[in-house]
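Have a look at this one before I ask anything.
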Amino acid sequence: MSNFRKSQNEAHPNKTNTIMTGIIILQILFVSIQIWFLFGALNNALEGNFYFALTTFVGSALMAVASIWVLRYLPEPLRKKPARKEKPKVSPSRNP
Amino acid sequence: MSKEDPEKEPSWKSDFPIEMKRGTHVSRREFAKFLGLLSGAFALSNGFIVIRAMAFPDKPLEGEHFIVNAEEVPVGEMFQFEIQGGKHIPYILIHLEENEWRAFEQKCTHLTCAVRYQKDVNQIQCPCHNGWFSADTGEVLQGPPPRPLPQLDVAVRDGKVYVREEQEANENV
Ligand code: FES
């Protein structure tokens with residue numbers, strides 16, 4: 001039996017791909033900004049600029065939370081063979 | 001979380017697959033999770049800098065320290081020394097002219113190579129990446145170093161050379 005998710009996946013086979021790419025690009029963006037922050041914080045802390053270190057830390061932590069949070073939206077891997085069981089399966093999360 | 005999905009492969013199986021190809025394959029899901037982890041690690045290390053800056057502030061050098069007898073360092077020469085105490089920071093003492101002394105940290109502010117005084121051009125050189133500092137003020141003249149060399153105040157009394165933490169007044173000059 002087909003459910004909403006399955007028909008969606010069949011109707012839009014590229015969607016998973018796009019979401020995946022989007023998430024990864026977002027994360028790469030966050031990580032690059034974090035590298036930049038870390039580098040700046042290291043240099044500035046040497047000059048005794050404490051607030052720069054603090055600010056970059058807050059920013060970096062926010063970005064870490066964000067890049068872990070977007071993992072929630074990672075699409076489930078598509079099953080190779082459709083579930084054989086007849087009862088409709090509702091996967092517990094993320095389906096609207 | 002929820003109950004084990006009976007159709008899902010148990011994780012021990014996917015962690016140690018039989019086929020080589022599956023073992024070396026990194027899916028985009030795994031990559032995304034790894035990026036999340038990496039991001040967390042960067043945030044942590046940034047936090048570490050903050051903690052370090054809070055818990056272990058650089059404490060200024062206390063008191064005056066005797067270095068060397070003045071006649072042992074002729075004009076135009078440099079003398080390497082360390083101050084007894086916790087941190088082993090190498091310093092150099094430079095006898096610029098008669099009654100003109102300078103003391104700097106010897107660690108280049110770029111990548112902490114040892115700098116040395118070049119008598120002929122009257123500048124301090126870092127040989128690693130050809131950075132040059134003013135022997136008078138420690139300022140960067142050329143090259144990659146981002147900051148001037150940290151300086152100490154020098155006082156000569158009775159033919160003996162002493163150093164102490166740089167005073168604020170001098171810093172603003
Ligand atoms: S370490 Fe001194 S210039 Fe690079």
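Bear in mind these aren't lab numbers, they're just calculated from the coordinates by the rules spelled out. Computed from a prediction, not measured in an experiment: that's the story for all the values here. Cβ sites come from the backbone with ideal geometry, for glycine too, and all protein chains shown count toward neighbours.
Cβ neighbours within 10 Å, averaged per peptide: list B:12-21, B:146-155 in order, most packed at the top. Walk me through the intermediate numbers first.
Values: B:12-21: 9.0, B:146-155: 16.8.
Ranking the peptides B:12-21, B:146-155 by packing returns B:146-155, B:12-21.
Along the Cα-to-C-beta direction of B:Leu111, a point sits 7 Å from the Cα; which residues of the stretch B:130-148 have their amide N less than 19 Å from that point?
Backbone N within reach: B:130-133, B:141-148.
For labels at B:Asp153 and A:Ala66 in the simple 7 Å Cα→Cβ model, what's the distance in nm?
4.7
Under a 5 Å amide H to amide H cut-off, with H placed in plane at 1.01 Å, what residues pair with B:Gln118 once short-range neighbours are removed?
B:Gln123, B:Ile124, B:Gln125
Would you mind computing, in nm to one decimal, how far apart the modelled labels at B:Glu30 and A:Ile25 are, each placed 7 Å from Cα along Cα→Cβ?
Label at B:Glu30, label at A:Ile25, 2.5 nm between them.
Write out the trypsin sites (Lys or Arg not before Pro) in the stretch B:56-114 meeting two conditions: DSSP loop, and at most 14 other Cβ atoms within 10 Å of their Cβ. Each step should come with its number before you reach the end.
Numbers: sites: B:Lys87, B:Arg102, B:Lys107; in loops: B:Lys87.
Those that pass, being in a loop and sparsely packed, are B:Lys87.
Roughly how tilted is helix B:28-55, in degrees to the nearest 10 and between 0 and 90, from the longest Cα axis of chain B?
Around 30 degrees separate the two axes.
Per residue of A:68-76, what is the mean number of Cβ atoms on other protein chains within 10 angstrom of that residue's Cβ? Intermediate values should be presented prior to the final figure.
Working: counts 7, 1, 3, 6, 0, 1, 5, 2, 1.
Other-chain Cβ atoms within 10 Å of each residue's Cβ, averaged: 3.
Here's a follow-up. For an R0 of 25 angstrom, estimate the FRET efficiency from the Cβ-Cβ distance between B:Ile89 and B:Met54 and round to the nearest 0.05.
Details: r = 22 Å, r/R0 = 0.86.
Working from the Cβ atoms, E equals 0.70.
Count, for each residue of B:139-148, the Cβ atoms from other chains sitting within 10 Å of its Cβ, then give me the mean as a whole number.
1
Using 0.36 nm per residue of separation minus the Cα-Cα distance, give me the extension gain between B:Lys21 and B:Val121 in nm, one decimal.
Separation in residues times 0.36 nm, less the Cα-Cα distance, equals 29.7 nm.
I would also like to ask the following. Each residue of the stretch B:117-129 in turn: what ³J(HN,Hα) in whole Hz from Karplus with 6.51, -1.76, 1.60 and θ = phi - 60°, glycine and Pro shown as x?
Working through the residues one at a time gives 7, 9, 5, 5, 9, 6, 9, 9, 10, 9, x, 5, 10 Hz.
Pairs B:Lys107/B:Lys160; A:Lys6/B:Lys21; B:Lys8/B:Lys33; A:Lys6/B:Lys33: which exceed 22 Å Cα-Cα?
On the way: B:Lys107/B:Lys160 24 Å; A:Lys6/B:Lys21 28 Å; B:Lys8/B:Lys33 19 Å; A:Lys6/B:Lys33 24 Å.
Beyond 22 Å between Cα atoms: B:Lys107/B:Lys160; A:Lys6/B:Lys21; A:Lys6/B:Lys33.
Give me the inter-chain shielding for A:60-66: mean count of other chain Cβ atoms within 10 Å, whole number please. Mind showing how you got there, number by number?
Working: counts 10, 7, 1, 5, 11, 4, 2.
Taking the mean over all residues of the peptide, I get 6.
Could you work out the local net charge near B:Ile92, counting Lys and Arg as +1, Asp and Glu as -1, over the other residues with Cβ closer than 9 Å to its Cβ? Please list the in-between numbers first.
Values: positive: B:Arg102, B:Arg116; negative: B:Glu105.
Its environment carries a net charge of +1.
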